Amino acid sequence: MVTLLQGGAYLVNGAEIVPEGTEAAAAIKAKTGKEISKKQAAENTIAYGILESHNTSGNMEKLKIRFDKLTSHDITFVGIIQTARASGLQKFPMPYVLTNCHNSLCAVGGTINEDDHMFGLTCAKKYGGVYVPPHQAVIHQFAREMLAGGGRMILGSDSHTRYGALGTMAMGEGGPELVKQLLNQTYDINMPGVVGVYLTGAPVKGVGPQDVALAIIGAVFRNGYVKNKVMEFVGPGVASLSADFRIGIDVMTTETTCLSSIWKTDEEIREFYEIHGREEEYKQLDPGEVAYYDGMIQVDLSKVRPMIAMPFHPSNTYTIEELNANLMDILDETEKRAQVSLDGAVEFHLKDKVKNGRFLVDQGIIAGCAGGGFENICAAADILKGQYIGSDGFTLSVYPASMPVYMELIRNGCAAAILETGAVLKTAFCGPCFGAGDTPANNAFSIRHSTRNFPNREGSKLQNGQISSVALMDARSIAATAANKGVLTPATDFDGEIGKYKYHFDSNIYKNRVFDSHGVADPDVEIQFGPNIKDWPAMGELPENLLLQVVSEIHDPVTTTDELIPSGETSSYRSNPLGLAEFTLSRKDPNYVARAKEIQKAEKERMSGGHPCQAVPVLKELMGVIKSQYPEVNHTNTGFGSTIFAVKPGDGSAREQAASCQKVLGGWANIANEYATKRYRSNLINWGMLPFLIQEGELPFQNLDYLFLPGIKKAVEEKAESITAYRVGEKELTGFELRLGELTDEERQIILKGCLINYNRV
């Protein structure tokens, strides 16, 4: 099904794989009659060509990328624009689309969600952007329909910004990276590795894009095979997939922890652009005659079977057939694994859902940028046609990804077929993907064609003793399960026909409702604020020394951004930095906020000209211990704050608030064995936080200890790769090493200034 090649590989004529090794050069020459170096071949990937055309540095090892377009949704665009405004924003320098698909229910916190929407509309008018009202389209579907273009690059403030199937290299990052683009700065990265995904064969009936995606995720996530690399989809199997099928695989590449994705394009993709009235945006993309890849994932599409990703991660994958054949063993394994994710905070059980040897689920959801596509819903309708979901506890909700998709489902009869079963058809909304809407009952099990199944992504709250869980599946198998009244069923068991429906895009829906400035700014427009929209609090520069208290210690193998700052209803407060910060780590370490605030009192006292020891008396003894070895240290040259330790933080969402919430509570650093994603580390840096690394093994400190970092400002200025930090004991300092990792000159300046806002402030 999925095979990983150990080491690099050459792709010859887009069809033959030659593993890297001593015989590779001879094999390539025999096939092509040419000699080609590894470096030349690496420059023949599709990814290299797109990156080269967008790089402004003149050095392909150190990229400075300018994107073609930007996109954000209503959880992120307020903070991004507020940050850019504080730095002198006058006009959006490139097309910037503001969608409203996350806080679009307007059902939590009074007027605050709609206030954010009006902020977005007035900013689109003032600065020259595009505003997509609530319920019109989820962010990524609008981008596919209206923004993508062959050879283009798009940056989005959402982790699932992936349009590679359409020939667009897209990346999801935290808001500060979009701020840099708005201020005519660049996205700075080392040239990433490129991993080929070589597809052969064709999917069997009943297998959908989520099945292929989960098979790949299960094979590459834990071993980091594609971490921070670009996945490039090639091979003869690409031609067997429709545009919608490719899109469905592509959007899930985020869950592999890759940096971005790109696909070879063909007539299928040309037709996609034609259907959407944008044929001029099509560009044929193919790797060169000989292309070198840093790794190769081989996928035989004909061998992929319906998959399920069990709680609580997209990489916990099994075939549905395998799960049904080994129910009790796999459910027991899942329960044990869940206790690690849940820290034993609540009782979690699944084995009681087995009735008469079959696994019964409670809810089905087909939604969002992954599940809400036209073909997914049409296939689900064919499987459900003439069936009914029953009048017991099982429910099914379907969310088309855009109003044009919804309209076509009405016109071709698929909407009626779904509604007749007792399922519910809803408008375009991302809520089921992050815990805002369709929250199942306590201890319920939900199967979803969405992007993630982390704890609480379905809306339950551990701190209130609630727990339900999500498994990821393809829309086809969700429909087969729904037709079977909730009995877990792979779509390959369906013996009817799954049709191929022609899609007709109705552009009038957007013409009649979406505000498009066509790049013309109107500086006379007044921005409409709401009472929840707050400015960022003042943040100081990096002091000469730091004294930090460890206020949370997390030893889970991976810590998600959902655990750092919860999604769901808390998302409504993301326009209020201090209000949102009250929820930081609330589902993982409820004591974090109080502890961070306590040590923050010292820094606030210092910044106001007072003495930190007056605010936090314990510091007097600690400073005494430090002065015994560093007599020059005092409260005027030393900052005070907090840090956390986590083994591997930052998996999942691009949300900058996972870092900024720590910052506004006085956080100066994270300490980790590694960072799960580049985007989380970038968020730390952009909020002026030090992204420390520490060697795996027994920690030289524990929770609530104080750590002293002498000369930290000088270390950052002088590009030190590591520093000696000290645990402050009752009588002495105990040293240990912290590494900073590679930082660009701009990143160092951002950290020195205290945050990106300070770096750019005019």
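Nothing in this text is a laboratory measurement; each read-out follows from the coordinates by a stated rule. Note that the structure is predicted; figures quoted are calculated from it, not measured. Here the Cβ is made from the backbone with ideal geometry for all residues, glycine too, and neighbour counts use every protein chain on show.
Based on DSSP, what percent of beta bridges with both residues in region 320-501 are antiparallel, to the nearest 5?
Among the beta bridges of region 320-501, antiparallel pairing accounts for roughly 20 percent.
For residue 601, list the lysines whose Cα falls under 20 Å from its own Cα; do not include residues on the same chain fewer than 8 positions away.
620, 663
If you add up the charges near residue 331, with Lys and Arg at +1 and Asp and Glu at -1, over every other residue whose beta carbon is less than 14 angstrom from its beta carbon, what do you get? If you can, show how the numbers build up before the last one.
Values: positive: 336, 337, 351, 353, 355, 358; negative: 322, 329, 332, 333, 335, 352.
Its environment carries a net charge of 0.
Using DSSP, restrict attention to beta bridges with both residues in the chain and report what percent are antiparallel, rounded to the nearest 5. Intermediate values should be presented prior to the final figure.
Numbers: 42 of 104 bridges.
That works out to approximately 40 percent antiparallel.
Any chance you could tell me what percent of the C-alpha pair distances in region 447-511 go past 16 Å?
Values: 1328 of 2080 pairs.
I get 64 percent for the Cα pairs in region 447-511 exceeding 16 Å.
Where the centre of each part is set by its Cα atoms, how far does region 165-243 sit from region 663-693, in angstrom?
25
Between region 363-378 and region 729-744, what is the C-alpha centre distance in whole Å?
48
Can you give me the C-alpha center-to-center distance between region 71-98 and region 427-502, rounded to a whole angstrom?
Answer, in whole Å: 33.
Hey, what did the chain get for relative contact order, percent, Cα under 8 Å, at least 6 apart? Write down the numbers at each step before the final one.
On the way: 1850 pairs, mean separation 108.3, N = 762.
This gives 14 percent for the chain.
Residue 113: net charge of surrounding residues, Cβ under 11 Å, Lys/Arg +1, Asp/Glu -1, itself excluded? The partial results should precede the final answer.
On the way: positive: 574; negative: 74, 114, 115, 116, 569.
Residues near residue 113 contribute -4 overall.
With Rg and the Kirkwood Rh both taken from Cα atoms, where does Rg over Rh land for region 615-761?
My calculation puts Rg/Rh at 0.95.
What list do you get for 527, 247, 112, 216 if you sort them by fewest beta carbons within 10 Å? Let's see the in-between values first.
Working: 527 17, 247 30, 112 20, 216 27.
Least to most surrounded, the residues fall as 527, 112, 216, 247.
Using only Cα positions of region 167-284, each an equal point scatterer, no hydration layer, compute I(q)/I(0) via Debye at q = 0.10, 0.17, 0.20 Å⁻¹ and quote the log10 values to two decimals.
Per q value, in the given order, log10 I(q)/I(0) is -0.35, -0.95, -1.18.
Taking only C-alpha pairs under 8 Å that are 6+ residues apart, what is the relative contact order of region 376-503 in percent? List each step's numbers first, then the result.
Working: 226 pairs, mean separation 37.4, N = 128.
Relative contact order, region 376-503: 29 percent.
If packing is taken as the average count of other Cβ atoms within 10 Å, what order do 536-546, 75-85 fall into, highest mean first? Before the final figure, lay out each step's value.
On the way: 536-546: 17.2, 75-85: 26.0.
Most protected by this proxy first, the peptides run 75-85, 536-546.
Helix by helix through the chain, keep the DSSP H runs that span 20 Å or more along the axis on Cα and average at least -1.0 on Kyte-Doolittle, and give those back in order. Write out the running numbers ahead of the final one.
On the way: long enough: 112-127 (22 Å, -0.63); 327-342 (22 Å, -0.23); 592-607 (22 Å, -1.25).
The answer, listed by residue number, is 112-127, 327-342.
Per the Kirkwood formula on distinct C-alpha pairs, the Rh of the chain is how many angstrom? Walk me through the numbers before you get to the answer.
Values: mean 1/r = 0.0374 Å⁻¹.
When all Cα pairs of the chain are included, the Kirkwood radius is 26.7 Å.
Tally Lys and Arg at +1 and Asp and Glu at -1 over the other residues with C-beta under 9 Å from the C-beta of residue 521: what net charge comes out? Please report the intermediate quantities before stating the final value.
Values: positive: 91, 125, 126; negative: 522.
Charge balance in the 9 Å sphere: +2.
Output the peptides 704-710, 45-51 sorted from most to least packed, where packing is the average of other Cβ atoms within 10 Å over each peptide's residues. It would help to have the intermediate numbers written out before the result.
Values: 704-710: 20.3, 45-51: 23.3.
Output ranking for 704-710, 45-51: 45-51, 704-710.
Cα-based count: Lys pairs in region 16-100 below 25 Å, eight or more positions apart or different chains?
Summing the qualifying lysine pairs gives 9.
Where does each of 231, 153 land when they are ranked from fewest to most other beta-carbon atoms within 10 angstrom?
Details: 231 28, 153 22.
Neighbour counts put them in this order, fewest first: 153, 231.
Of 722, 477, how do they rank once you tally other Cβ atoms within 10 Å and put the fewest first? Show your work: numbers first, answer last.
On the way: 722 13, 477 31.
Going from least to most buried by this count: 722, 477.
In Å, what Kirkwood hydrodynamic radius results for region 309-458 from the alpha-carbon pair distances?
Numbers: mean 1/r = 0.0610 Å⁻¹.
The Cα-based Kirkwood calculation yields 16.4 Å.
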